[in-house]
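Computed from the coordinates by the stated procedures, all read-outs in this text should not be read as laboratory data. Here the structure is a predicted model, which is why all the values come from computation and not from measurement. Because the Cβ atoms are built from the backbone with ideal geometry, glycine has one as well, and the counts that use them run over all protein chains shown.
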Amino acid sequence: MKLLMLLLSLLQFIYAENLEEKWGGLWPFQGIATFAHLENKNCLIDQSSQFDIGIIGVPFDTAVSYRPGARFGPRAIRDASQRQTSLRGFNPRALFNPYKSWAKIIDCGDIPVTPMDNALAFKQMDEAFNDLLSKKSLNDSKVPPRFVALGGDHSVLLPHIRALHKIYGPLNIIHFDAHLDTWKPDKYPSFWDSDQNEINHGSMLWKAHEEGLTSKTNIHAGLRTKLSGLEDLQDDDEQDFVRIEADDIWLKGPEYVVKKILSTVPHDTPTYISVDVDVLDPGFTSGTGTQEPGGWLPRELIHILRQIEGLTVVGADVVEVAPAYDIAEITATNGAQIAYEILTSMVKKGNLDESLTKKMISTFGSQL
């Protein structure tokens with residue numbers, strides 16, 4: 001009887017394997033759209049799942065100052081990522097395939113964020129990132145998994161780095177954007193005011209500085225925003241940001257930009273990369289909330305991201321994709337490519353540096 005049961009189990013296994021071989025080969029345009037066809041789990045509900053890097057959608061856009069619509073960004077980026085697969089995931093610029101390496105990468109779904117009440121929305125996002133970062137990585141049990149957040153407007157950076165700060169301490173911020181996003185609340189003057197009104201997609205870096213979340217080695221890249229006056233740059237200086245203008249990439253060359261970033265941001269301390277897609281020229285990002293002419297080419301941004309792959313990146317985001325204004329998925333496709341480049345760097349770098357891990361354990365040991 002036992003032998004018969006064993007034979008039946010073996011036949012079922014062979015049959016299942018044949019079905020997988022027969023019906024498992026979907027084309028990129030088929031199936032349910034997870035990022036790059038990755039395994040999908042609701043990581044906020046499935047507390048037992050272990051992984052190394054997660055894609056997390058943050059569909060929130062009610063902190064914008066101009067065009068809304070980025071709440072649909074995570075879905076659009078996932079749809080635009082469908083030509084990424086483990087089979088065709090080799091990155092020829094990095095000579096590396098992030099989907100076929102040591103790291104388990106999954107799509108963690110979305111944080112359910114209310115569009116009705118921003119104070120409640122930030123409470124939800126704060127708690128969600130705290131929960132997500134309370135897990136342990138599958139292959140590096142001393143640290144939590146790392147996340148690439150798909151926005152959403154740019155204010156979703158704040159809950160992410162609040163949670164990261166509890167683990168890593170002050171973070172270096174590399175901020176690719178047309179705009180400063182270190183605006184003080186008085187740059188949005190109004191008779192009507194509230195505490196929550198201080199946080200929007202242009203003031204969240206100011207708020208992060210006020211809360212002590214950022215280091216003294218931060219950098220903006222791709223700037224070309226209009227200013228209230230030179231006092232805006234003084235405010236930015238006070239928040240410890242170095243500025244790289246959009247024109248620098250063709251006036252001084254891409255290697256100037258690379259050297260400026262690497263000479264500003266230490267390679268062995270925790271770094272957060274934030275990419276607002278409006279760092280690219282509107283010709284490549286029509287689908288975004290606050291366009292600024294004269295931006296970078298996608299190939300220039302990709303080159304910069306590839307050249308700084310040695311930094312210790314503990315978290316990242318790609319934000320401000322608003323597909324209602326997009327043309328032929330160009331913005332969303334660029335967003336998906338940016339996320340892929342950041343994933344490549346995270347995985348290629350390997351587990352977090354031993355020195356960084358030791359530093360974290362000595363400082364935050366009770367939380368690890």
Q. Angle, helix 157-168 long axis vs. longest principal axis of the chain, Cα atoms, 0 to 90°, nearest 10?
A. 70
Q) Taking the Cα atoms only, what angle lies between the long axis of helix 298-307 and the longest principal axis of the chain, rounded to 10 degrees? A) 80
Q: Please work out the Cα center distance from region 170-217 to region 234-249, rounded to the nearest Å.
A: 14
(Q) At 0.36 nm per residue, and after removing the present C-alpha to C-alpha distance, how many nm does the segment from T264 to S286 gain when stretched out fully? (A) 4.8 nm
Q. So what's region 234-322 giving for Rg/Rh, alpha carbon basis, Kirkwood Rh from the mean inverse pair distance?
A. 0.96
Q. With the contact rule set at Cα under 8 Å and sequence spacing of 6 or more, what percent relative contact order holds for region 33-367?
A. 22
Q. Which lysines have a Cα less than 26 Å from the Cα of K135, not counting those fewer than 8 places away in the same chain?
A. K41, K100, K104, K123, K166, K348, K349, K358, K359
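Subtract the Cα-Cα distance of K136 and K349 from 0.36 nm times their separation in residues, and report this length gain in nm to one decimal.
On the way: separation 213, 0.36 × 213 = 76.68 nm, distance 1.83 nm.
Additional length available on full extension: 74.9 nm.
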Q: State, to one decimal in nm, how far the label point of L227 lies from the label point of K100, with both points 7 Å from Cα in the Cβ direction.
A: 4.9
(Q) Quick check for me: using +1 on Lys/Arg Cβ and -1 on Asp/Glu Cβ, what's the dipole size of region 276-335 about its Cα centre, in debye to the nearest 20? (A) 200
Q: Sum up the charges of everything whose Cβ sits under 12 Å from the Cβ of N118, counting Lys and Arg as +1 and Asp and Glu as -1, but leave N118 out.
A: -4
Q: Please report, in debye to the nearest 20, how large the charge dipole of the chain is about its Cα centre when each Lys and Arg carries +1 at its beta carbon and each Asp and Glu carries -1 there.
A: 1520
Q. How far is helix 2-23 tilted off the main Cα axis of the chain, in degrees rounded to 10, range 0 to 90?
A. 50
Q | Beta bridge orientation in region 33-367: antiparallel %, DSSP, nearest 5 | A | 5
Q: Give the residues of region 208-230 whose amide nitrogen is closer than 20 Å to a point set 7 Å from the Cα of W250 in the direction of its Cβ.
A: 221-226
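So what's the projected area for the chain, the Cα convex hull averaged over all directions, in nm²?
Working: hull surface 84.3 nm².
The number I arrive at for the chain is 21.1 nm².
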Q) At what distance in nm do the modelled label points of E39 and R243 sit from each other, each positioned 7 Å from its Cα along Cα→Cβ? A) 4.7
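May I ask you to derive the relative contact order of region 159-292, considering only C-alpha pairs under 8 Å and at least 6 residues apart, and to give it as an integer percent?
34
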